1. Looking at (1) touching an Asp or Glu at 6+ places or on another chain (Cβ under 8 Å); (2) exposed (fewer than 14 other Cβ atoms within 10 Å of the Cβ); (3) at pLDDT 95 or above, which is the only condition residue 68 fails?
2. Looking at segment 92-99, can you tell me whether even one residue there is out of contact with any Ser or Thr (no Cβ under 8 Å at 6 or more places or on another chain) and farther than 22 Å from residue 125 by Cβ?
3. Is it true that residue 50 is surrounded by 14 or more Cβ atoms within 10 Å (Cβ to Cβ), aliphatic (A, V, I, L, M) and within 15 Å of residue 39 (Cα to Cα)?
4. Out of segment 58-72, which residues are of a type outside the set (Ser, Thr, Tyr) and either in contact (Cβ under 8 Å) with a residue 12 or more places away in the chain or part of a strand (DSSP E or B) (or both)?
5. Could you please let me know if residue 91 is of a type in the set (A, V, I, L, M, F, W, C), within 16 Å of residue 23 (Cα to Cα), modelled with pLDDT of 90 or more and not in a loop (DSSP other than H, G, I, E, B)?
6. Tell me whether segment 43-57 contains one or more residues that are modelled with pLDDT under 95, touching a Pro at 6+ places or on another chain (Cβ under 6 Å) and in a strand (DSSP E or B).
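The values are calculated or read from the model by the stated rules, or taken from the named source; none is laboratory data. Please read all numbers here as calculations on a predicted model, not as lab measurements. Please note: Cβ atoms are built from the backbone with ideal geometry, for glycine as well, and neighbour counts cover all protein chains shown.
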Amino acid sequence: MLEEAEYQVSQTDGIVVSACPVLVDEKPGSRFMWGYYLCIENNTGHRIRLVGKDWRITDDQGNSYCDNSAGFKGELPELEPGEYFEFTSEAPLNSPHAVFYGSCKVLAEGQSKARDVKIPTFSLSAGKERRETSVLN
């Protein structure tokens, strides 16, 4: 049965980031394919450019995976006030439980240095409490 996704939301100076996970595939005892959805909204009074990301996934075994790269799948989206950008990706993990956290790098119009905008922290948890969503379909 599909249930509504549980979104986590954070806001930094008028930039709102909504996020939620989805368990895409599970091979008990070996591999868990997690998907995640991010929506970045520009509620400021000026144009912004999303120039990169710095996020981490840490599982309950202490393993940490990070993505500290430029752009979003090759894109450097520019958002006018009121616009948003949606991003989905996947992460294969060896553990059923992990935490996703980090930030997006945002360059405001007229600025020369990007700043970090917090991504809301969310849990990836498979098992009896598992929730499936259709956000990546």
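1. Condition (3) is where residue 68 drops out.
2. Scanning segment 92-99 turns up no residue that is out of contact with any Ser or Thr (no Cβ under 8 Å at 6 or more places or on another chain) and farther than 22 Å from residue 125 by Cβ.
3. yes
4. Those that are of a type outside the set (Ser, Thr, Tyr) and either in contact (Cβ under 8 Å) with a residue 12 or more places away in the chain or part of a strand (DSSP E or B) (or both): 59, 60, 61, 63, 66, 67, 68, 70, 71, 72.
5. It is false that residue 91 is of a type in the set (A, V, I, L, M, F, W, C), within 16 Å of residue 23 (Cα to Cα), modelled with pLDDT of 90 or more and not in a loop (DSSP other than H, G, I, E, B).
6. no
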